[in-house]
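Comments concern the structure below.
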Amino acid sequence: MILPMVLQYLTPDFVSFFGLGAVSAAVMSSADSSVLSAASMFARNVYKSLCRQNASEMEIIWVMRAGIIVVGFLATAMALTIPSIYGLWYEMKL
């Protein structure tokens, strides 16, 4: 939380623009990597191993694409309904 505020208020406008862009790119990269890894692990480890052992690569790719949509929807729903990270971990322990 401190770095974006420092970039916004304590640096010139062009530095703030590129700095906030870099921070946003890093956050988006981490988010899409986690969604992609969850969908690909589902497609390979669950669908191919448990549901269809002889699935083709194209079928796995389509399952992965559907998994990306489902994981993205679930992540968005969690982000909108759970008020804090602490609440998420507290609810998981119960």
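The values are calculated or read from the model by the stated rules, or taken from the named source; none is laboratory data. Treat the numbers as computed from the prediction; the structure is a model and nothing was measured. Neighbour counts are summed over all protein chains in view; Cβ atoms, including those assigned to glycine, are modelled from backbone coordinates with ideal geometry. Areas reflect the complete protein model, heavy atoms only, side chains present, ligands, DNA and RNA absent. Shrake-Rupley method; radii C 1.70, N 1.55, O 1.52, S 1.80 Å.
Roll a 1.4 angstrom probe over the protein heavy atoms and tell me the percent of accessible area of the chain that is carbon or sulfur.
The nonpolar share, carbon plus sulfur, comes to 74 percent.
Let's test the formula: R0 of 41 Å, r as the Cβ-Cβ distance of residue 5 and residue 70. What FRET efficiency results, to the nearest 0.05?
0.70
Could you compute the FRET efficiency for residue 85 and residue 56, with r as their C-beta to C-beta distance and R0 at 41 Å, rounded to 0.05?
Working from the Cβ atoms, E equals 0.55.
Of 60, 69, 82, which is the most mobile in a GNM of the chain whose springs link Cα atoms less than 10 angstrom apart?
Checking each option, the largest mean-square fluctuation is seen for 82.
Who wins for biggest fluctuation among 33, 16, 49 in a Gaussian network model of the chain, springs between alpha carbons below 10 Å?
Of the options given, 16 has the highest mean-square fluctuation.
Please give the per residue accessible area of the chain, computed with a probe of 1.4 Å over protein heavy atoms only, in Å².
With all protein chains present, the chain gives 80 Å² per residue.
Using +1 on the beta carbon of Lys and Arg, -1 on that of Asp and Glu, and nothing else charged, what's the dipole of the chain about the Cα centre, debye to 20?
It comes to approximately 340 debye.
Going by amide H atoms built from the backbone, whose H comes under 5 Å of the H on residue 11, apart from near neighbours?
Here nothing satisfies the definition.
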